[in-house]
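Below: one structure, written as structure tokens.
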Amino acid sequence: MDEPLLRISGVHAGYGDVPVLWGIDLEVARGEIACLVGSNGAGKTTLMRTISGLLAATRGSVRFDGRELAGAPPEQTLASGIAQVPEGRRLFSAMSIRDNLLMGAYLRTDTGVAADLERMYALFPILGERRHQHAGTLSGGEQQMCAIARGLMSAPRMLLIDELSLGLAPAIVDQLCDTLRELNRAGLTLLVVEQDVAIALELAQRAFVMDTGRITRAGDAGTLANDPAIREAYLGAL
Amino acid sequence: MLTLQILANGLVLGGLYACIASGFSLVWGVLNVINILHGSFIVLGGYLAFYAYGLLGIHPFLSILIAAPLFFALGYAMQHTLINRMIAAPVLLTLTLTFGLDLMLSNAMLATFTADFRKLTLDPPLGTLAFGTIVLPVDRLIAMVLALGLTGLLYLVLSRSRIGRAIVAVRMDREAAALMGVNVKRVYAITFGLGTLMAGASGPLLAMIFPISPLTGPAYLGKAFVICVLGGLGSVPGAMIGGLALGVVESFGSLWFGPEHATTLSFVLLILILLVRPEGLLGRKGYA
């Protein structure tokens, strides 16, 4: 098998003197949808921040497409092809939707930005209709669409989404999952952090379970979904 | 008729105030740094115009073109080498840093230029223009137009350009901006450079109206403060509205209570606004 697109090995990270991640190993293959599940405070967001370079790993390696990214600043991570949709979406709320999307393309110097804007408006028509409105006027689901589109505007090879479904209506989540599958079929690799384990295991091919700063289970999403221990702990199985 | 004349004087003054405040407000809003140096930068810009005119014969309005790149470079270098080191510190510490730098700059200017008040007088003078019963000196009128033009230009840069979007994005959410690939420290340096540029470029304009002396720096700084609170922090439209409002209030204040109370009135206004509408007349929304 090829080298995975993203290979994280032995990553430690934390805030000040407080360690949060204790030797994370995680691999995502090219063209795959992977999910990272776990309870609140497990360290999922800390891992996302470490991958994107907002937080520096104290130990370990983050390799993307054969290049070492541990210790790289966020702009270098983005330039090498990893975009992130942060937890809480973090849109520039008093900027127009169009300007939010253009911020996503901030590092791009190619001429395809205008065409990609139109692609995003086609992918999420509501964004096209409201392109001149402030992003803060969008509903929660629409904001998530805008955040995903903003991430896509950097033309990434891999998209990290931190908390896809949090606070959103089930119908919207279904719609977003369909869109993500569509993007995945077109070649995008995805790593989705998700608190709702049922949604995550249905969307992803590979899954990682995280608890207190460690990866406790990893494997095929379908297998994990049928695992009695997972069903009991996260799915409320009968 | 007198009322109209006072209103016109106030608007001329207000245009200049808007220009002073927009750079100060930008730096405060984006970097969360209260730049005590701002007043001294304005004075330094005034001296640049004074000597460029006196020694080289360069018209004060043209000396803005010299001041702009020089002051941008000065501000960029200052942020890059000094202030960025403490940018994560509480606002009181960066205030102390710019306060210390201001002491050095204003004392250096006192040593170099002395405390004498100098007046930039155009020779030949540009005369006056009459609109009905309102009479305005042409040099002041041009100064106001240029001041509003500069402020408008700053607004266009912030709302329409790539770097402007990055500055606004950093102001709204520094981390999210970093995730978009924005080098935040570089944006800080550019922002401080722009703020310094606005101060340095408004120096020659103010020198057309007010005498130049290192002692006037704190007065300009005080005005910038009041305008920021009046209009709302970190926004160019806020600085524009706040500046014009302060100019008009000061003009009528001088008429009704005597010129010696104009500044008192502006600070009374500051206190009232803080009590009634602490987010400023326009609030803190939209483009910087």
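The values are calculated or read from the model by the stated rules, or taken from the named source; none is laboratory data. What you are looking at is a predicted structure, and each value in this text was computed from that prediction instead of being measured. Note that each Cβ is placed from the backbone with ideal geometry, even for glycine, and that neighbours are counted across all protein chains shown. Remember, those area values only see protein heavy atoms, side chains included, never the ligands or the DNA or RNA. Shrake-Rupley method; radii C 1.70, N 1.55, O 1.52, S 1.80 Å.
Points to keep in mind about this one:
- Only one of the listed residues (B:ARG85, B:ARG118) is of a type outside the set (A, V, I, L, M), out of contact with any Leu (no Cβ under 8 Å at 6 or more places or on another chain), within 22 Å of B:ALA219 (Cα to Cα) and surrounded by fewer than 20 Cβ atoms within 10 Å (Cβ to Cβ). That residue is B:ARG118.
- On the stretch given as segment A:58-110, residues that are without any contact (Cβ under 8 Å) to a residue 60 or more places away in the chain, within 9 Å of chain B (Cβ to nearest Cβ) and not in a loop (DSSP other than H, G, I, E, B) total 10.
- Looking across segment B:142-166 at every residue that is of a type in the set (D, E, K, R) and under 22 Å from the mean Cα position of the chain (by Cα), the one that is surrounded by the fewest Cβ atoms within 10 Å (Cβ to Cβ) is identified as B:ARG160.
- Residue within segment B:119-137 that is of a type in the set (A, V, I, L, M) and either closer than 19 Å to B:LEU74 by Cα or in contact with a Gly (Cβ under 7 Å, 6 or more places away or on another chain) (or both) present: no
- Residues in segment B:24-69 that are among the aromatic types (Phe, Trp, Tyr) and crowded, with 24+ Cβ neighbours inside 10 Å: B:PHE24, B:PHE41.
- Scope segment A:140-170; condition surrounded by fewer than 23 Cβ atoms within 10 Å (Cβ to Cβ) and charged (D, E, K, R); matching residues: A:GLU142, A:ARG157, A:GLU163
Let's see how each residue does on (1) within 18 Å of the chain's Cα centre (by Cα); (2) modelled with pLDDT of 95 or more; (3) closer than 30 Å to B:ALA130 by Cβ:
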position	(1), (2), (3)
B:ASN9	no, no, yes
B:TRP28	yes, no, no
B:ASN32	yes, no, no
B:GLY45	yes, yes, no
B:ALA49	yes, yes, yes
B:ALA52	no, yes, no
B:GLY75	yes, yes, no
B:LEU92	no, no, no
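- Sole exception among (1) in a helix (DSSP H, G or I); (2) more than 13 Å from the chain's Cα centre (by Cα) for B:ILE209, by number: (1)
- Residue that is nearest to the chain's Cα centre (by Cα) [pool: residues in segment A:1-23 that are crowded, with 17+ Cβ neighbours inside 10 Å and under 23 Å from A:GLY222 (Cβ atoms)]: A:LEU6
- Some residue of segment A:189-202 being open to solvent by 60 Å² or more (accessible area, probe 1.4 Å), touching a residue at least 24 places away in the same chain (Cβ under 8 Å) and part of a helix (DSSP H, G or I): yes
- Of the residues making up segment B:250-262, those that are surrounded by fewer than 20 Cβ atoms within 10 Å (Cβ to Cβ) and either within 20 Å of B:LEU281 (Cβ to Cβ) or small (Gly, Ala, Ser) (or both) number 4.
- Residue within segment A:48-56 that is under 22 Å from B:ASN183 (Cα atoms), assigned by TED's automatic domain parsing to the domain that holds A:GLY187 and open to solvent by 50 Å² or more (accessible area, probe 1.4 Å) present: yes
- Here A:GLY141 meets the list (1) in a helix (DSSP H, G or I); (2) free of Cβ contacts under 8 Å to residues at least 40 places away in the same chain; (3) over 13 Å from the mean Cα position of the chain (by Cα); (4) in the same structural domain as A:LEU201 (by TED's automatic domain parsing) almost entirely, failing just condition (4).
- Meets criteria (within 13 Å of another protein chain (Cβ to nearest Cβ) and not β-branched (Val, Ile, Thr)) for B:ALA177: yes
Okay, residues lined up against (1) polar (S, T, N, Q); (2) assigned to a helix (DSSP H, G or I); (3) open to solvent by less than 10 Å² (accessible area, probe 1.4 Å); (4) away from chain A (no Cβ under 14 Å):
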residue: B:VAL168; (1), (2), (3), (4): no, yes, yes, no
residue: B:ARG186; (1), (2), (3), (4): no, yes, no, no
residue: B:GLY195; (1), (2), (3), (4): no, yes, yes, yes
residue: B:MET198; (1), (2), (3), (4): no, yes, yes, yes
residue: B:ALA219; (1), (2), (3), (4): no, yes, no, yes
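- B:LEU122 vs. criteria more than 14 Å from chain A (Cβ to nearest Cβ), in contact (Cβ under 8 Å) with a residue 12 or more places away in the chain and over 22 Å from the mean Cα position of the chain (by Cα): yes
- Residue in segment A:116-137 that is away from every other protein chain (no Cβ under 14 Å), small (Gly, Ala, Ser) and within 30 Å of A:THR50 (Cβ to Cβ) present: no
- Qualifying residue in segment B:133-141 (condition: surrounded by 19 or more Cβ atoms within 10 Å (Cβ to Cβ) and either in a helix (DSSP H, G or I) or within 10 Å of chain A (Cβ to nearest Cβ) (or both)): yes
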